[in-house]
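Beneath this line is the structure, given in structure tokens, with notes to follow.
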Amino acid sequence: MNKTKNYLNKVKFIFSKLKNFINLKSVKKIDIPIFLASDDNYAPYLAAAIASILDNTKSNCNFYILDNSIGNINKEKILDLKNEFKNFSIEFIKVDYKKEFSSIKYKNHAEHITIATYNRFLIPKLKPDFKKVLYLDADVIAFGDIKSLYEIDLEGYSLAAVEESFLPPAVKNEIKDRLKLNPEHKYFNAGVLLFDVQKWLKDDILSSVLKLENSCRDSLKYADQDILNIIFNNNLKLISENYNFMSQFEKDNKKIILRHFNTNIKPWDLNPKKRHALKNVKIFWKYAKKTKFRNELYSKFS
């Protein structure tokens, strides 16, 4: 009887050690450089995006905010997330758009797009020592661990992105005709990007961007996104839609890593207490509550 008991105790001890080892391996932390962009108006939504990312990862996230005139009060509110999360740092990077994009005579085709949308092109130039970085639009909310996105093997490509597969065929054809893309082109969204910084710099893609903008300005509707599609023309790594989920159709939330609210209808414009056709509104408000902006965001519905 005692032998059996001793044997079971040894098995339990070995199992507990093995379990601890597995847990330690599974929670190995890495540093993830993440670039986002915002002006003062978008600061509350940026804060919600950051809160959602941090709530879903054990990795350390180094955020670099391309700062289009974010006020000091709003910066303090964003930094207040330190009271909720410890696994991050934030650096605000002021970008002189007039200087950086002096050759661009910006033509506004889409109401919600400004010249600041080109800021993602500057990321490798701003942090040339990095190997790989993420860029995210501020209107995303994380459902899962962003680590899996950052760890994707780029396989020699400069860029990884998600195809806008839910676009109606007529829209896809219009885009291909307007931008003179190949019939088999897979148009991708520029709201979630994984950069190989060194290859981007080596290929001097920023120069290509500026030249292309000048030559095809009248054909651009979605500014930076159109330009990237022309330049890369299927010569990039296309990754799972779960990393930039844009569809309004139902999907198992457990599979989504990033939900991108890329339409003109945004969750912060919709009453959190009501049902809406826009999916995942409640998830946005879950993270908005964790920020210092919660009262002002809720006040318009009170």
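The values are calculated or read from the model by the stated rules, or taken from the named source; none is laboratory data. Please read all numbers here as calculations on a predicted model, not as lab measurements. Cβ coordinates were reconstructed from backbone atoms using ideal geometry, including for glycine residues, and neighbour counts include every protein chain displayed.
Being assigned to a loop (DSSP other than H, G, I, E, B), at pLDDT 90 or above, charged (D, E, K, R) and within 23 Å of Glu241 (Cα to Cα) is the filter here; which residues of segment 258-290 pass it?
Across segment 258-290, the qualifying residue is only Lys266.
Out of Leu236, Leu278, report the one residue that is under 23 Å from Asp55 (Cα atoms) and in contact with a Leu (Cβ under 9 Å, 6 or more places away or on another chain).
Working: Leu236 fails: under 23 Å from Asp55 (Cα atoms).
Unique residue meeting the criteria: Leu278.
Being in contact with a helix residue (DSSP H, G or I) (Cβ under 6 Å, 6 or more places away or on another chain) and not β-branched (Val, Ile, Thr) is the filter here, so list the residues in segment 140-158 that pass it. Let's see the steps before the verdict.
If we filter segment 140-158 for residues that are in contact with a helix residue (DSSP H, G or I) (Cβ under 6 Å, 6 or more places away or on another chain), which is where we start, we get 140-143, 146, 149, 158.
Within segment 140-158, Ala142, Phe143, Leu149, Ser158 qualify.
What number of residues in segment 45-81 are in a helix (DSSP H, G or I), surrounded by fewer than 22 Cβ atoms within 10 Å (Cβ to Cβ) and either of a type in the set (Val, Ile, Thr) or out of contact with any strand residue (DSSP E or B) (no Cβ under 8 Å at 6 or more places or on another chain) (or both)? Break it down into steps so the answer makes sense when it comes.
Initially, segment 45-81 is screened for residues in a helix (DSSP H, G or I), giving 45-55, 72-81.
Next, from what is left, pick out any that are surrounded by fewer than 22 Cβ atoms within 10 Å (Cβ to Cβ): 55, 72-77, 79-81.
Now narrow it down to the ones that are either of a type in the set (Val, Ile, Thr) or out of contact with any strand residue (DSSP E or B) (no Cβ under 8 Å at 6 or more places or on another chain) (or both): 72-74, 76-77, 80.
The total comes to 6.
State all residues of segment 258-275 that are surrounded by fewer than 17 Cβ atoms within 10 Å (Cβ to Cβ) and in contact with a helix residue (DSSP H, G or I) (Cβ under 8 Å, 6 or more places away or on another chain); if no residue qualifies, say none.
The initial filter retains those residues of segment 258-275 that are surrounded by fewer than 17 Cβ atoms within 10 Å (Cβ to Cβ), namely 263-266, 269, 271, 273-275.
Matches in segment 258-275: Lys266 only.
Of the residues that sit in segment 16-44 and are part of a loop (DSSP other than H, G, I, E, B) and farther than 27 Å from Lys94 by Cβ, which one is modelled with the highest pLDDT? Explain how you work it out, then say what you get.
To start, the set of residues in segment 16-44 that are part of a loop (DSSP other than H, G, I, E, B) comprises 27-30, 40-42.
Those still in the list that are farther than 27 Å from Lys94 by Cβ too: 27-30.
On the way: Val27: 52, Lys28: 60, Lys29: 69, Ile30: 83.
My answer is Ile30.
Is it the case that Lys75 is modelled with pLDDT under 95 and of a type in the set (D, E, K, R)?
no
Looking only at segment 217-244, filter to residues that are touching a helix residue (DSSP H, G or I) at 6+ places or on another chain (Cβ under 6 Å) and polar (S, T, N, Q); which one of those is surrounded by the most Cβ atoms within 10 Å (Cβ to Cβ)?
Asn242
Within segment 190-218, work out how many residues are at negative phi and without any contact (Cβ under 8 Å) to a residue 60 or more places away in the chain. Steps first, please.
At the first step, the residues of segment 190-218 found to be at negative phi are 190-203, 205-218.
When the remaining residues are screened for being without any contact (Cβ under 8 Å) to a residue 60 or more places away in the chain, the result is 199, 202-203, 207-208, 211-212, 215-216.
Result for segment 190-218: 9.
Got a sec? Which helices (runs of 4 or more DSSP H) wholly within segment 112-216 have at least 3 residues that are surrounded by fewer than 22 Cβ atoms within 10 Å (Cβ to Cβ) and within 15 Å of the chain's Cα centre (by Cα)? Don't jump to the end; show me each part of the working.
Values: elements: 123-126, 147-150, 169-179, 197-202, 205-215.
So the answer is 147-150.
Could you list all residues from segment 80-124 that are of a type in the set (Gly, Ala, Ser) and either on the phi > 0 side of the Ramachandran plot or modelled with pLDDT of 90 or more (or both)?
Correct list: Ser89 only.
Look at Lys254 and say whether it is basic (Lys, Arg) and either within 20 Å of the chain's Cα centre (by Cα) or under 21 Å from Val171 (Cβ atoms) (or both).
Details: basic (Lys, Arg): yes; either within 20 Å of the chain's Cα centre (by Cα) or under 21 Å from Val171 (Cβ atoms) (or both): yes.
So Lys254 passes the test.
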